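Everything below concerns the one structure shown next.
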Number of protein chains: 2
Amino acid sequence: MADHEIFDLGDFTLQGGATLRDCKLAYKSFGKLNAKRDNVIVYPTWYSGQHVDNEWLVGKGMALDPDKYFIVIPNMLGNGLSSSPSNTPEPYNASRFPNVTAYDNVRAQHKLMTEKFGVKTIKLVTGWSMGALQTFHWGAMFPDMVERIAPFCGSAKCSRHNFVFLEGVKAALTADAAFKEGWYEKKPERGLRAMARVYAGWGFSQSFYRQELDLNTLGYSSLEDFLVSFWEGFFLPKDANNLLTMLWTWQNGDISANELYGGDFKKALGAIKAKAYVMPGRTDLYFPPEDSEIEVGHMPNATLIPIESVWGHFAGGPGTSPVDVAFLDEKLKELLASDA
Amino acid sequence: MADHEIFDLGDFTLQGGATLRDCKLAYKSFGKLNAKRDNVIVYPTWYSGQHVDNEWLVGKGMALDPDKYFIVIPNMLGNGLSSSPSNTPEPYNASRFPNVTAYDNVRAQHKLMTEKFGVKTIKLVTGWSMGALQTFHWGAMFPDMVERIAPFCGSAKCSRHNFVFLEGVKAALTADAAFKEGWYEKKPERGLRAMARVYAGWGFSQSFYRQELDLNTLGYSSLEDFLVSFWEGFFLPKDANNLLTMLWTWQNGDISANELYGGDFKKALGAIKAKAYVMPGRTDLYFPPEDSEIEVGHMPNATLIPIESVWGHFAGGPGTSPVDVAFLDEKLKELLASDA
């Protein structure tokens, strides 16, 4: 019993030239599209997450209130629900699945919103991490359609340092011979566990670990228990090729890498008309606030709002830090209530 | 033609209970021990480094001036020159090499300085990174002998976050099946390269990569060239078991984990009589200044002097950032010139 819908993109040609035939975009919606079709919020998923992992920010009385808004969570290509290495038939299956850009993802989402729902304006696009990357893309690709954006703990372009961090994650996963260059029959368990351990140091901040929030707040019984239960437990169920597809999307994320902006990053940032709340986590190790500050400096209608938190990248999700969720929700309410 | 000397430690029993028979401590000295034997500087090595990798801080006219001081660089156990998995005969060879603590290392170095050189006081102990860990140990283990310490970009105890970062490094190396749990005949090349890529994101700061100092200052031709030439090139020649021995030493570093202090970290810090300049790198991702600040708060005679640098952990070494070397050298001169 799927808790989501599928939008058939048909023959979907990617930026890189490959065509995914019978390409699927999985999504879940909340609330009802009103008669004017102007109560729309789009809320893309993050690295390895699926729509269910986004739902912590949706709820009655919250900013993303289904009683008021029609909220659509589109699943990223490669995340195992939308077309992905794990669910695409031959010949584009497994490690032959083509490279997908954030631009491709947002183009697919735009087709969903316009062709399926007949939407002409979007009240808000918001997202965490790679969801923020897609949010920035929405703003740059459809500046006349998107009224507000709220990217949190993410960037409009993968920074060089962030790229290097991901190189480490990828190298750890693929160092496992069981990965077999993507043609595994049994999952590369050791590589997935190694990747999880690499990620563990990046996901939360030095202060998070110093304050032992893994034990005191998240309730794990020891640091090793946190590494095994939380981190290895998180990545082990996921498909390695899917993870690498999304990792490529992340590393190559850049709102200007398309025919609209021809690589002119400042021009692409400058083209975002939407009223923007850009919310980096103060202690995020791979999306540091300095990167957001630079981006905001080139955006005509953006405000920098750091989330003052020791939760590192997890200041922004997935609902792990209640204080930060409350802050985020309050800011989203403020943004939604304001004139765009 | 070895450019170093060997001190024979004989049967050297480690904290963990194992005895390394015919245990070797490799060291290199600069300058001459004076008649009073009071012009001594000890300068331990860092993770995977050897004495030659420390020499950038030694030179005529510099703080560590061989014309004035007798400078001894002892090689860490496990670094391939002192007793290590790679050079110890059966049965304690390869992955059966025992766990070595920083306490063991400094006890061995103390034997060298007292038994070989008859030294009773040490003017300064200084070191980068794991060299700083050993520097703190010198201060805590021999408070009446050590007049000054200058640990830079390091800590007196491995923080929980630092421990997690190293878990990622270890997992990447050992995910390679060619590692064979330490019983490899050919080196685990893929694991060493993976480890190098994981390290790359940690070693330098976000700002370093943002400013493209890998290209502009270090002269690499691309980011990928930096990852291959600098990072993979650095780790590939090293022995995997040696790297894991030193990694264990690092992860278990704690100046209070011994019979002197019984795990009372504050007591151990408080026992350091030496005049201390504690110098973290402002943007060091695994030894953040906050950790040093906490340590200094418990030390009776210590000053916190952050190195204002975007070079991350490499603010402190190994001579990579000339501006930071000049700053460090100036501070060491100031410390050496001051009353202890």
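The values are calculated or read from the model by the stated rules, or taken from the named source; none is laboratory data. The structure displayed is predicted, hence computed values, not measured ones. We place every Cβ from the backbone using ideal geometry, glycine too, and count neighbours over all the protein chains shown. Accessible surface is based on the protein model in full, side chains and every heavy atom, while ligands, DNA and RNA are left aside. Shrake-Rupley method; radii C 1.70, N 1.55, O 1.52, S 1.80 Å.
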Problem set entry | Position residue B:4, label points 7 Å along Cα→Cβ, spacing to each other copy in nm (shortest first, one decimal) | 5.5
Problem set entry | About the Cα centre, charge dipole magnitude for chain A (Lys/Arg +1, Asp/Glu -1 at Cβ), debye | 580 debye
Problem set entry | Distance violations [Cα-Cα > 21 Å] among A:186/B:187; B:24/B:266; A:116/A:266; A:24/A:238; A:180/A:238; B:28/B:331 | A:186/B:187; B:24/B:266; A:116/A:266; B:28/B:331
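Tally up the carbon and sulfur contribution to the accessible surface of the range A:273-337 as a whole percent, 1.4 Å probe, everything protein left in place.
Working: 1310 of 2340 Å².
Whole-percent figure for carbon plus sulfur exposure: 56.
By average Cβ neighbour count within 10 Å, what is the ranking of A:127-135, A:202-210 from highest down?
Details: A:127-135: 29.9, A:202-210: 23.0.
In decreasing order of mean packing, A:127-135, A:202-210 become A:127-135, A:202-210.
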Seminar exercise, completed: Using a 1.4 Å probe on heavy atoms of the protein chains only, the accessible area for residue B:308 in Å², nearest 10, reads 120 Å²
Seminar exercise, completed: Residues meeting the amide H criterion for residue B:15 (H placed from the backbone, H to H distance under 5 Å, 5 or more places apart or on another chain) are B:101, B:104
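Give me a single rounded figure for B:210-219: the average over its residues of other chain Cβ atoms within 10 Å of their Cβ.
Taking all residues of B:210-219 together, the mean is 1.
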For this session: Let me know the mean shielding of B:326-338 by other chains, meaning the per-residue number of their Cβ atoms within 10 Å of its Cβ.
Result: 0
Seminar exercise, completed: Rounded to the nearest 10 Å², the 1.4 Å probe accessible area of residue B:295 is 10 Å²
Seminar exercise, completed: Spelling it out for residue B:125: with amide H atoms placed in the peptide plane at 1.01 Å from N, the residues 5 or more places away or on another chain with amide H under 5 Å from its amide H are B:42, B:148, B:149, B:150
Exercise. How large is ³J(HN,Hα) for each residue in the range A:53-58, as worked out from phi by the Karplus curve 6.51 cos²θ - 1.76 cosθ + 1.60 (θ = phi - 60°), to whole Hz, x for Gly and Pro?
Worked result: 7, 9, 6, 4, 9, 10
Exercise. Is the shape of the range A:103-197 rounded, prolate or oblate, going by the alpha carbon gyration tensor and its root eigenvalues a ≥ b ≥ c, with a/c under 1.5 for rounded and a/b larger than b/c for prolate?
Worked result: prolate
Exercise. Taking 0.36 nm per residue of separation and subtracting the Cα-Cα distance, what length does fully extending residue A:217 through residue A:144 add?
Worked result: 22.0 nm
For this session: Mind listing the label-point distances from residue A:32 to the same position on all other copies, shortest first, one decimal in nm, points 7 Å along Cα→Cβ?
Result: 9.7
Problem set entry | In range of the label at residue A:5: residues from the range A:12-36 whose backbone nitrogen is under 11 Å from the point 7 Å along Cα→Cβ | A:27-33
Problem set entry | Cβ-defined net charge surrounding residue B:53, 12 Å radius [Lys, Arg +1; Asp, Glu -1] | +1
For this session: Quick one: with label points 7 Å out along Cα→Cβ, list the inter-copy distances for residue A:293 in nm, shortest first?
Result: 1.6
Problem set entry | Averaged over A:241-248, number of beta-carbon atoms from partner chains that fall within 10 Å | 0
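For the protein assembly as shown, give the share of DSSP beta bridges that are antiparallel, in percent and rounded to the nearest 5; count only bridges with both residues there.
Working: 24 of 60 bridges.
If I count the DSSP bridges inside the protein assembly as shown, around 40 percent turn out antiparallel.
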For this session: Determine the sum of side-chain charges near residue B:119: Lys and Arg each +1, Asp and Glu each -1, restricted to other residues whose C-beta is under 14 angstrom from that of residue B:119.
Result: +3
Exercise. Given a 1.4 Å probe and every protein chain left where it sits, what share in percent of the accessible area of the range B:162-246 is carbon and sulfur?
Worked result: 50 percent
Problem set entry | A:321, A:221, B:229, A:159, reordered so the largest accessible area comes first (probe 1.4 Å) | A:221, B:229, A:159, A:321
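Which percent, to the nearest 5, of DSSP beta bridges fully inside chain B are antiparallel? Mind showing how you got there, number by number?
Working: 12 of 30 bridges.
Given both bridge residues lie in chain B, the antiparallel proportion sits at roughly 40 percent.
Relative to the present Cα-Cα distance, how much length would full extension add between residue A:114 and residue A:181 at 0.36 nm per residue of separation?
Numbers: separation 67, 0.36 × 67 = 24.12 nm, distance 3.82 nm.
Residue separation times 0.36 nm, minus the Cα-Cα distance, leaves 20.3 nm.
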For this session: Can you pull out the buried accessible area for chains A and B, both sides counted, probe 1.4 Å, rounded to the nearest 100 Å²?
Result: 3100 Å²
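About the Cα centre, and with charges only on the beta carbon of Lys, Arg (+1) and Asp, Glu (-1), how big is the dipole of the range B:162-246? Nearest 20 debye, please.
Roughly 160 debye for the range B:162-246.
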Exercise. Using a 1.4 Å probe, how large is the accessible area of residue B:254, given in Å² and rounded to the nearest 10?
Worked result: 30 Å²
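Taking the Cα centre of the protein assembly as shown as origin, work out the dipole magnitude from +1 charges on Lys and Arg Cβ and -1 charges on Asp and Glu Cβ, in debye rounded to 20.
Values: 66 positive and 80 negative charges, 5 e Å.
Magnitude of the dipole: close to 20 debye.
Quantify, in whole percent, the carbon and sulfur part of the accessible surface of the range B:53-128 (1.4 Å probe; protein heavy atoms only). The partial results should precede the final answer.
Values: 1230 of 2610 Å².
In the range B:53-128, the share of accessible area belonging to carbon and sulfur is 47 percent.
So, counting K/R as plus one and D/E as minus one, what does the shell of residues with Cβ under 10 Å around residue B:307 add up to? Show your work: numbers first, answer last.
Details: positive: B:282, B:331; negative: B:284, B:308, B:324.
Residues near residue B:307 contribute -1 overall.
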Problem set entry | Derived scalar couplings ³J(HN,Hα) [the range B:32-48; Karplus, 6.51 cos²θ - 1.76 cosθ + 1.60; whole Hz; x for Gly, Pro] | 10, 5, 7, 4, 6, 6, 10, 10, 9, 10, 10, 9, x, 7, 10, 3, 6
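Return the loop-located trypsin sites (Lys or Arg not before Pro) in the range A:146-206 (DSSP other than H, G, I, E, B) with at most 16 other Cβ atoms within 10 Å of their own Cβ; answer none if there are none. Intermediate values should be presented prior to the final figure.
Values: sites: A:148, A:157, A:160, A:170, A:180, A:186, A:190, A:193, A:197; in loops: A:186.
Here the sparse-neighbourhood loop sites are A:186.
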Exercise. Looking at the P(r) of the protein assembly as shown, how many percent of alpha-carbon pairs lie beyond 51 Å?
Worked result: 18 percent
Exercise. Can you list residues whose amide H is under 5 Å from residue B:21's amide H, if they're 5+ apart or on another chain and H is modeled 1.01 Å from N?
Worked result: B:12
Problem set entry | Rounded, prolate or oblate (a/c below 1.5 giving rounded, otherwise prolate when a/b exceeds b/c) for the range B:36-139 by Cα gyration tensor | prolate
